[in-house]
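The values are calculated or read from the model by the stated rules, or taken from the named source; none is laboratory data. From a predicted model like this one, the values you see are computed outputs, not experimental measurements. Please note: Cβ atoms are built from the backbone with ideal geometry, for glycine as well, and neighbour counts cover all protein chains shown.
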């Protein structure tokens, strides 16, 4: 009889114990996954609203528009730029007219004093100011660029947001993984203690240690796998249902589902620690 068949037979003989272990693991994965979803959503919100710095670029009024448009394309391709919007002098004049309440500025069309401009959103991925400084120098070095403006406070806020994410969210996610591992190990070992009589019987007839303990580890691993998958399935379904409901006025709460790598780590931890709990529960 294969190890898997023996493990499945153990589960059939004591479905209540394995169900308890699976429910405990599923609930643990659900609760820790929900907390992880909150952290992920908060991190995504901070990165979206605070993790960027905007650079306002001004060209000379006599700059060639063909060359300026080519530079716009080059700026969009620069590392770290996730959005760029360019404005020709005519577009700038139209925006100025609208901002002034529709005042007639058509007389400026023939000799437009407004220069081509651009607004670049630069992604801040670390607290190191060097990437933003290199990007600033690259913009200033472009032919025809007269001035580049950046609010230092905005860059400081973006770097602080990334630092907050790295120093708070990552340790919390590590703590959640530790909680899952501990609960998986303890729940499995405690539930399987009720079947120790079978272990002692196998040892009395002279069975090898691996023959005695391996089916326990496999059955516990299957329980951990099923429980963690069930818990995460409930979590993703809840996020899918609550997401559209919460992302409406006046709340506008954006829920970011738990990323797949974190979910995979959760399932792997629950499975491995359950297997370890089953293996140790069958010790002498």
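Summary of computed values
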item	result
Residue in segment 166-173 that is closer than 30 Å to residue 262 by Cβ, under 26 Å from the mean Cα position of the chain (by Cα), part of a helix (DSSP H, G or I) and at pLDDT below 65 present	yes
Hey, residue 34 at pLDDT 80 or above and either closer than 16 Å to residue 253 by Cβ or in a loop (DSSP other than H, G, I, E, B) (or both) or not	yes
Which listed residue is under 26 Å from residue 15 (Cβ atoms) and either modelled with pLDDT under 75 or surrounded by 17 or more Cβ atoms within 10 Å (Cβ to Cβ) (or both), from 186, 190, 251	190
Residue ID - nearest to the chain's Cα centre (by Cα), chosen from residues in segment 51-73 that are more than 17 Å from residue 91 (Cα to Cα) and buried (at least 18 other Cβ atoms within 10 Å of the Cβ)	51
